[in-house]
1. Can you pull the accessible area of B:TYR332 for me, 1.4 Å probe, Å² to the nearest 10?
2. Compute the accessible area per residue over the protein assembly as shown, keeping the other protein chains in place, probe 1.4 Å, unit Å².
3. Quick one: dipole size for chain B, taken about the Cα centre, charges +1 on Lys/Arg Cβ and -1 on Asp/Glu Cβ, in debye to the nearest 20.
4. For segment B:10-109, state the semi-axes of the equivalent ellipsoid (square roots of 5 times the eigenvalues of the alpha-carbon gyration tensor), sorted largest first and rounded to whole angstrom.
5. Which residues of segment B:186-205 end up with at least 30 Å² less accessible area in the presence of all protein chains than when their chain stands alone, using a 1.4 Å probe?
6. Are there residues in segment A:117-154 whose accessible area shrinks by at least 20 Å² when all protein chains are included rather than the chain by itself, and which are they (probe 1.4 Å, ligands and nucleic acids not counted)?
7. Roughly speaking, what is the centre-to-centre gap between segment B:297-342 and segment A:58-120 when only Cα atoms are used, to the nearest Å?
8. Given a 1.4 Å probe and heavy atoms of the protein chains only, how would you sort B:ARG109, B:ARG307, largest accessible area at the top?
Amino acid sequence: MPTLQEIALKTSGADARIVSGHRMCSGCGIGSIIKTVLAASDKPVIVISATGCLEVVTTIYPFTAWNTPWMHVTFENAASVAAGVEAAYKALKRRGKIEGDVNILAVAGDGGTYDIGFQALSGALERRHKFMYLAYDNEGYMNTGNQRSGATPFGASTTTVPAGKISLGKPQWRKNLVEIVAAHRIPYVAQAAVNNTIDLYKKAQKGFNADGPAVLVVLQPCTSNWSFDSSLTIQYSKLAIETNFWPLYEIENGVVHVNTKPSNRKPIEDFLKGQSRFRHLFKPGNEHVIVEMQKMIDDEWARLLKLEESGIQL
Amino acid sequence: MGVRKAITGAQAAAEAMRQINPDVVVAYPITPQTPIVEEFAKYVADGVVDTEMVPVESEHSAMSAAVGAETAGARAMSATSSQGLALMWEVVAATPGLRLPIVVSLVNRALSAPINIHCDHSDVMGVTTVGWVQIFSENAQEVYENTLLAVRVAEDSRVQLPVMVNQDGFITSHAVEPVEIFDDALVEKFVGVRSLDRALLDVEHAKSVGPLVLPDHYFEFKRAQEEAMSKVFEVYREVGTELSAITGKQYPFFETYHTDDAEAVVVVLNSAAGTAKAAVDAMRAQGKRVGLLKPILFRPFPYAEIREALKDIPVIGVLDRSMDFGACAPVYSEFRNALWALGKRPAMQSYIYGLGGRDIMTTEIEAVFEELLSGKLDAEHQRYIGLRG
Ligand SMILES: Cc1ncc(C[n+]2csc(CCOP(=O)(O)OP(=O)(O)O)c2C)c(N)n1
Ligand code: SF4
Ligand SMILES: [Mg+2]
């Protein structure tokens, strides 16, 4: 397994598959995620991006930050475009028109994955196209100004479900994409986060090498819309793990493995503090929301551990 | 000389696809397009073709996967109808801007609501503004030949645009007719292979396709797209000449039938043109000088050629199988536009017929001719053929 230094070398310099000069907000976690994932491929990678921050900030014509073949079509079809690329790859290879192996990576935000692109993802997984799907999850539609998505956590204030005099923000829990994906019985699905590069790198390697489709869901704190200082991205990602808000785990051929088990889980307030989307929860009278959140997180964590212990193949 | 087979319009499309043997076919079933996909799936299952077939979970994904495959460097084809086209609209609209020469068989069917599975042209007329080349086919034979032609027009380096080949749902798609299928080897040579020079799979030359283009460049992209569309005329003629060498037929932008000395001409797309020919024959037998113009290439629209063909016709009736609610019907609009530049313009009448698959009879078209010849026209209002009172 490479060291951080070795990964860093692969993600910079002339051979890097994505280079600097893009227009991500300073401190945005997407850059580190995509760089790390791309570096984990030992074959050329073809990237299919959904509409969203990554696409918008890396390709404002006539510039591009991509040093690897890249394509964008619409918001909800990264998985089906990737399926078409894979079909073309198989056909052209069979007919002797191309040589060499490639990896195909579809990338979308949480909106492009949990919501509008969900059907395309499910179809592509069910058909078992050989590709990896990466969802960078910033828990909302960030490119368009922090609207609610199916990944937005309970209690978060967004521009479409703002906290207000009679609203506490999003009243529903986020959906568990990893388990839904696992229900497709694909060889590999994992949850990772931007702060743990080595874990992310390993998971990306496993995903690329899987015998079939693979999915990575990676937490990416958004400095602009969670509004924290741009130096704190990694800190927030770390807190998400230390509070069990975002467990690092993987499901390999149906078997659950929890990668990190915080010895002393921190209270959820530690993660919520300083983020504008949760500010209203700290107002007097709203304590019950945090209590409810804490309970849900602890229940989910206990459930995950039980799942792992059981050894049941999902 | 080819082999004559008794097949439907849908099978004719599938026969063309068999001979093209595309790298990738992506499709989702919808009546009346389904038999095309089913027929082609059999070819795949029996190893008659070695196409990679992707049976996707929706039409949106069908068009998306076709776009992915074509960008990767493959020759990709698909087929759909009505609701399917409506669902894939977003990607249909993106395809010409990406300059991808995808060929789609469109089996024309009425759009919901109310839901109806039968023929009209409301599906295709909803996409004529987005930049696909549109070719219409009167019968199964034309479906077959137009599909072969479409691949070459689409992929020509001057064009690089997607093409839809239209046929009437059920009337053409499900009716058995004798169709002459030309020699496999000759057709294979004619369609050739798609060049890989723009392929995303050319990993040595990384390209970024489909970037965000802001007001400083977007306009130029669209102007270039229009330029490519204008090249279709010459390419269509050249490719048509090449195809003639195999088929012995002509590939004009439109067909005229007894228009030379005509006092009244009817304009109608697809299968109803066959009905109109029978009406013309019946009227001619009574000594009435009437004729037909059947548009084939509808996008780009051959304004100048149409104007030339109709410049001496005193009265023209245009029959539309769809409406543009609150405005002139789509085919009528184009013909009015084409003829506007004439010094002496013909009288014109717009007719709507056949919505949701309502039959149109030769007698009804004869009645149209009688009306056109009588001069009792109403330029301000469209008239309806076969509508119950
Ligand atoms: C069909 C369609 N609907 C809506 C939009 C507008 N839109 C563009 S990006 C986006 C949000 C993307 O959210 P997400 O996938 O989470 O990515 P992020 O912006 O957070 O990177 C929306 C709503 C669109 N481009 N296409
Ligand atoms: S808005 Fe958020 S997700 Fe988008 S580029 Fe900025 S920090 Fe990254
Ligand atoms: Mg998002």
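1. 10 Å²
2. 39 Å²
3. I would put it at about 740 debye.
4. Three semi-axes, in Å: 19, 16, 11.
5. Output list: B:LEU196, B:LEU200, B:LEU201, B:VAL203.
6. Relative to the lone chain, where solvent access is computed with a 1.4 Å probe, segment A:117-154 loses at least 20 Å² at A:GLN119, A:ARG127.
7. 42 Å
8. I get B:ARG307, B:ARG109, largest accessible area first.
The values are calculated or read from the model by the stated rules, or taken from the named source; none is laboratory data. Remember, it's a predicted structure, so these values are computed and weren't measured experimentally. Cβ atoms come from the backbone with ideal geometry, glycine included; neighbour counts cover every protein chain shown. Heavy atoms of the whole protein, side chains included, go into the accessibility calculation; ligands, DNA and RNA do not. Shrake-Rupley method; radii C 1.70, N 1.55, O 1.52, S 1.80 Å.
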